[in-house]
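The values are calculated or read from the model by the stated rules, or taken from the named source; none is laboratory data. Bear in mind the structure is a predicted one, so any value in this text is a computation, not a measurement. Note that we place each Cβ from the backbone using ideal geometry, even for glycine, and neighbour counts take in every protein chain shown.
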Amino acid sequence: MQTFFCCVLLASSAAYVTARGWQEPPQQSLNHYVAFINQSVDEVVNRFQQLQTYYADVKRYRQRPDVLLRLPSSGPLETYYYEKALASSGLTAAEKQRLTARAQALWQLLTKLDQTGKALETYVRLKDYQRDELKQSDALLNQMQALSGQFSRDKDDFYKQIQRVYRRYQPYLAEDAYLYTEREMEQVLLSQKQLLDSLPFYLKEESRSDWPVGRVQAAMLADERLLTQLGKAQTALDYPASDMVPAFKTALRSLQDIKRRAVDDHTFAARQTSAHGNEVYRSLLAHYNQDLLASHQAFVNYSQSTKRLLSYPKYCPVFAIEPPASAGQSVTQAMPFRDVPPGAFVIKPAPASASNATFQALNGYVEFINESLRQMHTLQVLLRNYQASAEYYRDPARSRQRAGLTYAHEAYKVPLSEYQLLVSSSREVPTPYRASINGQADVLLAMLKEMDALSIELINYTAEKRYLQDRLQRSDAILNRYAYLFDLFDQKKERLYQDVRRVHESYPVANPADSWHVAGKALLKTLDDDHDVLFGIKAYLKGEVAHLPMTDKLAANARALIADEYKNLQGLKRFGRSNGLCPYSPYEDVAENSIRFVEKTQHVNVSSATSHPYESIYYFYNNELIYQYNKFSELAKTGILKAVNQPDMFIFRRATPAKESQALPEKVDTPNQSLLAQSKPESTAPKSIRATPEQSSDPPVKPITNGKTVEHDTVFVERTRTDTIYVDRTAPRADNLTLKGFAANNMVLLLDVSASMESPYKMPLLKRSIKSLLKLLRPEDQVSVVVYSGKARVALKPTSGANADEIARVIDDLQSKGDTDGDEGIRLAYKLADKHYIRAGNNRIILATDGEFPISNDVYQLVSDGAQQAIYLTVFTFGRNAITGANLKRIALSGKGNYAHITQENANIQLIMEAQAKKAP
């Protein structure tokens with residue numbers, strides 16, 4: 001029947017062509033076949049996406065048979081492109097016969113795949129899976145797996161046949177700009193297809209697989225070289241075809257970003273399942289078909305008036321049900337990195353200015369260092385929190401009474417792709433320098449890999465509860481090693497940066513009078529002074545020097561920057577402070593913030609009770625000085641090398657003297673650490689106003705939150721005392737930093753993470769305030785995090801205080817971006833607080849923001865109703881100056897909570913006071 005239909009269709013189309021006396025170009029006929037292939041691939045992709053959702057539902061059904069399976073119904077196959085391909089008229093009879101036969105075979109295979117999918121739909125709709133325990137489902141899935149694989153292979157063979165016919169009509173001529181560009185794009189498309197062909201996709205995501213990360217790395221490096229060569233014939237193309245070359249390159253760069261994330265995100269945690277590999281596969285597939293291939297098709301379409309080119313087929317996904325048995329990962333003791341002394345080299349003045357490729361390569365070293373420091377900071381935070389928890393498990397008898405000690409480091413990623421691309425681009429650096437700075441970068445990477453291996457060992461150490469046998473000896477050895485590595489990494493990154501600067505400065509400036517160069521040189525001079533002062537502060541806090549550094553030189557240079565601003569920036573356009581392209585803004589910020597840095601240096605307080613004094617210095621230096629200088633570097637039209645960030649070397653410190661511990665390999669020498677002990681002030685703290693909770697005799701109340709009724713067993717009412725107590729909230733007594741004797745906390749942190757929070761007076765203080773509370777949390781306390789930037793969302797579900805490290809990870813990952821949607825955030829926060837209400841507890845929402853936002857009347861009512869049901873709302877504001885917001889004060893009043901402006905002085909205590917708002921019953 002199928003063959004008869006095709007014959008009739010061919011005969012009718014031939015008669016139509018004869019009657020009109022017109023024959024289409026052969027390339028157009030061939031493109032009809034490619035269009036049919038692409039429409040068929042779309043059908044397979046739709047099935048592929050449906051099966052992913054279905055298989056996840058099947059997994060849930062096997063765990064909970066009371067859940068019903070669903071599979072949406074599909075419509076009939078689209079026949080238009082198939083019929084159009086069969087009706088094409090621009091080929092010889094023999095060519096047409098062979099291509100039509102292949103098209104018919106592919107159509108039949110697609111039809112069989114569609115019928116199998118519809119059989120599965122019927123099976124699900126009839127609920128037959130409840131009778132046969134999913135046996136037919138498994139059989140149909142296996143059939144669809146085999147059919148999709150066969151379809152992909154047959155599609156590829158079909159296209160190769162189309163290409164052979166195309167080359168007979170359109171021989172390749174390298175001197176033809178259109179054919180040359182077509183060949184370039186085809187090579188890129190083929191390389192991406194080969195990569196996708198080598199990557200697996202498994203429906204059973206929870207199974208571990210040996211994912212071929214090495215192939216992704218190789219493809220990333222090969223495509224980086226392709227990008228530097230792509231588009232050589234662009235100037236010889238007519239518009240708009242010429243515009244499709246940069247569009248194609250942009251699409252390839254997007255694929256490169258996916259590959260980079262794929263390499264870096266292939267962490268220990270990601271290697272435990274197939275989910276990471278599947279996500280990479282889906283991303284590459286979508287970008288290939290919808291972005292890269294779309295740019296190529298646009299080039300083909302826009303070239304028709306000059307040259308008729310051949311379209312390229314979409315990629316057809318294939319899948320397997322589950323991976324073959326994996327060998328598994330054996331976790332052994334982490335081996336120390338191999339330290340290679342940096343090679344010395346003599347700088348010789350270059351005869352000409354650095355090329356853009358050389359400058360970008362040198363900047364790549366700075367980017368690698370900065371990304372490495374970001375990852376190291378993540379690890380420092382994780383280890384600080386782990387160390388605080390581990391101390392409670394030093395006594396085996398007490399340890400057995402607690403929940404198990406845990407450690408995880410999913411957020412830490414070795415920046416492997418950054419390093420690999422750096423080495424690839426370093427060919428632009430002169431040979432005498434390349435070996436030394438590449439060797440130094442290699443040592444930094446090796447240190448980061450050892451850090452990763454130590455964390456993997458720590459994961460298994462805690463999972464196997466070996467701390468019960470060795471009383472944390474191996475844990476201590478690992479933490480000691482980390483302290484050594486963090487300090488050594490800080491030293492080695494400084495040497496690499498200085499060597500890269502020496503190489504950069506060996507190149508003469510093309511135009512020394514250029515304002516970009518003049519201003520950049522002046523900024524760098526001041527930034528070097530900032531750097532020296534920072535290291536002086538660090539030495540002082542380590543106890544290596546007796547006095548804080550002198551700041552006279554820095555102050556003078558910063559003042560000179562301001563005085564010489566118009567001379568240094570002469571000729572550069574001012575766009576305005578809110579315009580990200582304005583060079584005046586980062587220039588002025590570096591100058592003014594350097595003066596503020598002088599002031600901060602003079603007020604370093606070594607007796608901080610809850611945080612190290614270096615923390616605010618660290619945040620200020622990186623966010624207000626380095627960030628602004630690097631922004632100026634990015635704007636510059638000349639090669640201004642970026643600057644490196646600095647790590648917070650006090651965020652992780654060994655809290656106890658090193659004990660006899662399981663030794664690290666003998667070749668590792670762990671030097672004595674010069675640590676500044678955290679001091680506790682002995683000044684007395686004033687009393688605080690605290691309401692005394694008393695049990696109400698009223699019957700249980702049923703509050704309504706977002707339409708949901710939640711029953712609260714007991715309501716506690718806070719009664720305000722009439723006696724007056726003057727409270728100094730900025731100077732609590734050190735012995736009052738505890739939650740002992742206070743009610744369990746159900747604390748919902750409602751955090752504004754909009755772009756306006758990106759300031760040293762805002763986001764760093766917010767994080768510091770929260771982290772000051774984490775070390776006090778008890779297992780009975782629970783903390784949730786709701787963020788609102790654009791759409792409000794739950795960033796952290798209610799988490800026990802026993803898992804403070806998990807809470808800290810979420811807090812440290814907060815980034816300022818997007819717009820404010822406080823109204824929706826408040827609704828979501830109340831929904832969460834109500835759902836996880838703690839009877840007789842301190843149920844409290846902390847709204848943290850840097851400014852006013854519209855609040856609707858129904859939200860005011862929601863807050864007022866919540867207060868009646870013992871869910872209170874406190875408002876914390878952030879910013880250089882106190883906020884006098886009527887809306888915020890009104891909502892704090894409605895929520896029967898407090899209203900406070902957070903500053904450097906009170907950031908460490910304010911949230912603790914909210915956690916102490918209710919005594920234990």
Q. How many residues are of a type outside the set (S, T, N, Q) and either in contact with a Phe, Trp or Tyr (Cβ under 6 Å, 6 or more places away or on another chain) or buried (at least 19 other Cβ atoms within 10 Å of the Cβ) (or both) if we restrict to region 227-245?
A. 7
(Q) Going by what's in this entry, would LYS797 be described as of a type in the set (Lys, Arg) and modelled with pLDDT under 85? (A) no
**Q.** Sole exception among (1) at pLDDT 95 or above; (2) more than 21 Å from PRO317 (Cα to Cα); (3) out of contact with any helix residue (DSSP H, G or I) (no Cβ under 7 Å at 6 or more places or on another chain) for ASN289, by number
**A.** (2)
(Q) Being touching a helix residue (DSSP H, G or I) at 6+ places or on another chain (Cβ under 9 Å), buried (at least 20 other Cβ atoms within 10 Å of the Cβ) and not in a loop (DSSP other than H, G, I, E, B) is the requirement here; does LEU479 meet it? (A) yes
Q.
Could you list, ordered by first residue, the pairs with Cβ atoms under 6 Å in which the first is in region 283-297 and touching a residue at least 24 places away in the same chain (Cβ under 8 Å) and the second is among the β-branched types (Val, Ile, Thr) and part of a helix (DSSP H, G or I), at least 6 apart or interchain?
A. SER283/ILE258; LEU284/ILE258
Q) Quick check: anything in region 463-470 touching a Phe, Trp or Tyr at 6+ places or on another chain (Cβ under 7 Å) and under 21 Å from ALA408 (Cβ atoms)? A) yes
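Can we say GLU186 is on the phi > 0 side of the Ramachandran plot, among the charged types (D, E, K, R) and surrounded by fewer than 17 Cβ atoms within 10 Å (Cβ to Cβ)?
No.
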Q: Scan region 738-751 and give yes if some residue there is modelled with pLDDT under 85 and either crowded, with 17+ Cβ neighbours inside 10 Å or aliphatic (A, V, I, L, M) (or both), otherwise no.
A: no
Q. Out of region 844-887, which residues are modelled with pLDDT of 90 or more and among the aromatic types (Phe, Trp, Tyr)?
A. TYR872, PHE876
Q) Picking from HIS276, HIS296, HIS266, HIS287, which residue would you name as being outside any helix (DSSP H, G or I) and crowded, with 17+ Cβ neighbours inside 10 Å? A) HIS266
Q) When you look at TYR619, is it surrounded by 17 or more Cβ atoms within 10 Å (Cβ to Cβ) and at pLDDT 95 or above, yes or no? A) no
Q: Keeping to region 209-220, report how many residues are buried (at least 17 other Cβ atoms within 10 Å of the Cβ) and out of contact with any Pro (no Cβ under 6 Å at 6 or more places or on another chain).
A: 6
Q. Between residues in region 790-802 that are touching a residue at least 60 places away in the same chain (Cβ under 8 Å) and residues that are buried (at least 18 other Cβ atoms within 10 Å of the Cβ) and of a type in the set (A, V, I, L, M), which pairs lie under 9 Å by C-beta distance while being six or more apart or on different chains?
A. ALA802/LEU777
Q. Is it the case that region 571-582 has a residue that's in a helix (DSSP H, G or I) and surrounded by fewer than 21 Cβ atoms within 10 Å (Cβ to Cβ)?
A. no
Q: Answer yes if at least one residue in region 315-322 is assigned to a loop (DSSP other than H, G, I, E, B), touching a Gly at 6+ places or on another chain (Cβ under 9 Å) and buried (at least 16 other Cβ atoms within 10 Å of the Cβ), and no otherwise.
A: yes
Q: Search region 379-413 for residues being more than 19 Å from GLY801 (Cα to Cα) and outside any loop (DSSP other than H, G, I, E, B), and hand back the single one that is nearest to the chain's Cα centre (by Cα).
A: LEU379
Q) Before we move on, is ILE640 surrounded by 21 or more Cβ atoms within 10 Å (Cβ to Cβ), at pLDDT below 95 and not hydroxyl-bearing (Ser, Thr, Tyr)? A) no
Q | Any hit, region 807-826, residues being outside any strand (DSSP E or B), buried (at least 17 other Cβ atoms within 10 Å of the Cβ), out of contact with any helix residue (DSSP H, G or I) (no Cβ under 8 Å at 6 or more places or on another chain) and modelled with pLDDT of 85 or more | A | yes
Q: Answer yes or no: is there a residue in region 343-365 that is surrounded by 15 or more Cβ atoms within 10 Å (Cβ to Cβ), under 21 Å from LEU485 (Cβ atoms) and either touching a Ser or Thr at 6+ places or on another chain (Cβ under 8 Å) or among the β-branched types (Val, Ile, Thr) (or both).
A: no
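If I filter region 827-851 down to residues being hydrophobic (A, V, I, L, M, F, W, C) and more than 29 Å from SER756 (Cβ to Cβ), which single residue comes out as surrounded by the fewest Cβ atoms within 10 Å (Cβ to Cβ)?
Restricting to residues being hydrophobic (A, V, I, L, M, F, W, C) and more than 29 Å from SER756 (Cβ to Cβ), the top hit is ALA840.
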Q. Can you name every residue in region 546-570 that is out of contact with any helix residue (DSSP H, G or I) (no Cβ under 6 Å at 6 or more places or on another chain), surrounded by 12 or more Cβ atoms within 10 Å (Cβ to Cβ) and more than 16 Å from ARG596 (Cα to Cα)?
A. ASP564, GLU565
Q) What do you reckon, is ARG653 surrounded by fewer than 15 Cβ atoms within 10 Å (Cβ to Cβ), within 31 Å of the chain's Cα centre (by Cα) and either among the small types (Gly, Ala, Ser) or outside any helix (DSSP H, G or I) (or both)? A) no
Q | Set ASP154, ASP210: member being in a loop (DSSP other than H, G, I, E, B) and in contact (Cβ under 8 Å) with a residue 40 or more places away in the chain | A | ASP210
Q. Any residue in region 767-786 that is out of contact with any Gly (no Cβ under 8 Å at 6 or more places or on another chain) and part of a strand (DSSP E or B)?
A. yes
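Table: residues versus (1) part of a helix (DSSP H, G or I); (2) under 18 Å from PRO317 (Cβ atoms).
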| site | (1), (2) |
| --- | --- |
| SER29 | yes, no |
| ASN46 | yes, yes |
| GLN52 | yes, yes |
| ARG60 | yes, no |
| PRO72 | no, no |
| ALA101 | yes, no |
| ALA105 | yes, no |
| LEU113 | yes, yes |
Q: Please work out which one of (1) in a helix (DSSP H, G or I); (2) at pLDDT below 95 is the condition GLY90 fails and give its number.
A: (1)
Q | region 421-462, residues that are in a helix (DSSP H, G or I), more than 30 Å from THR332 (Cβ to Cβ), in contact (Cβ under 8 Å) with a residue 60 or more places away in the chain and of a type in the set (Val, Ile, Thr) | A | ILE437
